[in-house]
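Shown next, in structure tokens, is the structure this report addresses.
The values are calculated or read from the model by the stated rules, or taken from the named source; none is laboratory data. Quantities reported herein were computed from a predicted structural model and do not represent experimental measurements. Virtual Cβ from ideal backbone geometry, glycine too; neighbours counted across all protein chains shown.
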Amino acid sequence: MTQPTVLVTGGAGFIGSHLVEALLADNFLVRVLDNLSTGKRENLPHHPNVELIVGDVADPNVVQRATQHCQAVAHLAAVASVQASVDDPIGTHQSNLVATIQLCEAMRAANVSRIVFASSAAVYGNHGEGQAVDEDTPKAPLTPYAADKLASEYYLDFYRRQHGLDPVIFRFFNIYGPRQDPSSPYSGVISIFTERAQKGLPITVFGDGHQTRDFVFVQDLVAVLMQALKAPRATHQPMNVGWNQATSLNQLLQIIQRVLGHLPTVDYTTPRPGDIRHSRANNERLLTHYRLPTPATDMHEGLRRLLGK
Ligand code: NAD
Ligand code: UD1
């Protein structure tokens, strides 16, 4: 029997490349569609069961080719930086919304129904300190990034109702781990802080460092994505992926210091426009529908693994 093929858009990126590894380990054939804007070829293993198509998800001809003979799609391609969307709303919109619609059209034509989508906690906007947001919390997207993620969710639901697509929508909180690229000011905070701490370079905190995030180690997320790709029946309600734990940037710096044994100078500057102050997941829905790694990787352990300590 031929093994099923899963298309991973954004598969050469941070989260995508971990998902590709997990799919290969589970004997899937993997097709990656990536424009290599932030992703890298080197993130992908050399393996006979991985095919890389270099191209844009927003290009209808490319997605038409990429969806042929697939059994499921993991749609992770996007400009992942909230700040990049604030600086370039039109450019990021192509990758963050138009691409989702093009992909839905191509899936519809190719008769592929299951799609696992990387939405974001950013759709909720700002809520009080300590408040764990559940999925029904009113949405308040503060940035083009958040607006495009929420609109992508709505389009996926339209394609479900109208054209039989079978979407599973996850709202990821802040994901971290190996291969998260620290090279741009737009990169994820843990990748930047850990790289600079290892090199002894000064760290910049935007704001007072009391802002909080619900950080999730990438392999814990991938365990959930694999279940969603394989489940015979999809859960159509959007689902938070977070651990209901708020860690401030100042606490994060303390943990890095504990793991490394040292920390460089830390400077505090003005907060970023559109930055969310506090973000914490109510994850009851996730716990009801998915088997989770128990215990979830805590920050100390995750940072130890990331820093190779
Ligand atoms: P990443 O930048 O490492 O991965 C994104 C990948 O998509 C890259 O390989 C990039 O080259 C590719 N890409 C971007 N636009 C494309 C396009 N138009 N066509 C083809 N490929 C394109 O970022 P990541 O952290 O791995 O994020 C993966 C997904 O998860 C994104 O959709 C992001 O919005 C979402 N997400 C990430 C986090 C997080 O904390 N990292 C949290 C919530 C949601
Ligand atoms: C992150 C993800 C986004 C996701 C969202 C879900 C990235 C790049 N962004 O956005 O895709 O949808 O989580 O919650 O992966 N900061 C500093 N100094 C730095 C860099 C960042 O102080 O050098 C601060 C930021 O101002 C922010 C916090 O760290 O307050 C987190 O920033 P960042 O890692 O960019 O993540 P989010 O904006 O939360």
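Taking into account only those residues within region 21-70 that are within 17 Å of the chain's Cα centre (by Cα) and of a type in the set (Asp, Glu), which is surrounded by the fewest Cβ atoms within 10 Å (Cβ to Cβ)?
Glu21
Quick one: which of Leu201, Leu156 is out of contact with any Asp or Glu (no Cβ under 6 Å at 6 or more places or on another chain), of a type outside the set (S, T, N, Q) and not assigned by TED's automatic domain parsing to the domain that holds Val82? Break it down stepwise before answering.
On the way: Leu156 fails: not assigned by TED's automatic domain parsing to the domain that holds Val82.
Unique residue meeting the criteria: Leu201.
Restricting attention to region 156-170, does a residue exist that is surrounded by fewer than 19 Cβ atoms within 10 Å (Cβ to Cβ), in contact with a strand residue (DSSP E or B) (Cβ under 9 Å, 6 or more places away or on another chain) and assigned to a helix (DSSP H, G or I)?
Yes: region 156-170 contains one or more residues that are surrounded by fewer than 19 Cβ atoms within 10 Å (Cβ to Cβ), in contact with a strand residue (DSSP E or B) (Cβ under 9 Å, 6 or more places away or on another chain) and assigned to a helix (DSSP H, G or I).
Looking at region 55-71, is at least one residue more than 9 Å from ligand 1 (Cβ to nearest atom) and of a type in the set (Gly, Ala, Ser)?
Within region 55-71, one or more residues are more than 9 Å from ligand 1 (Cβ to nearest atom) and of a type in the set (Gly, Ala, Ser).
So, Arg179, is that one in a loop (DSSP other than H, G, I, E, B) and of a type outside the set (S, T, N, Q) or not? Walk me through it before giving the result.
Values: in a loop (DSSP other than H, G, I, E, B): yes; of a type outside the set (S, T, N, Q): yes.
Yes; evaluated as a whole, the condition is true for this residue.
Can you list the helices (runs of 4 or more DSSP H) found entirely within region 208-293 that contain at least 1 residues being within 19 Å of the chain's Cα centre (by Cα) and within 16 Å of ligand 2 (Cβ to nearest atom)?
Numbers: elements: 218-230, 249-260, 284-289.
Helices (runs of 4 or more DSSP H) meeting the threshold: 218-230, 284-289.
Filter region 1-43 for residues that are more than 16 Å from Gln71 (Cα to Cα) and β-branched (Val, Ile, Thr) and give the result.
If the condition is that a residue be more than 16 Å from Gln71 (Cα to Cα) and β-branched (Val, Ile, Thr), then Ile15, Thr38 are the ones that fit.
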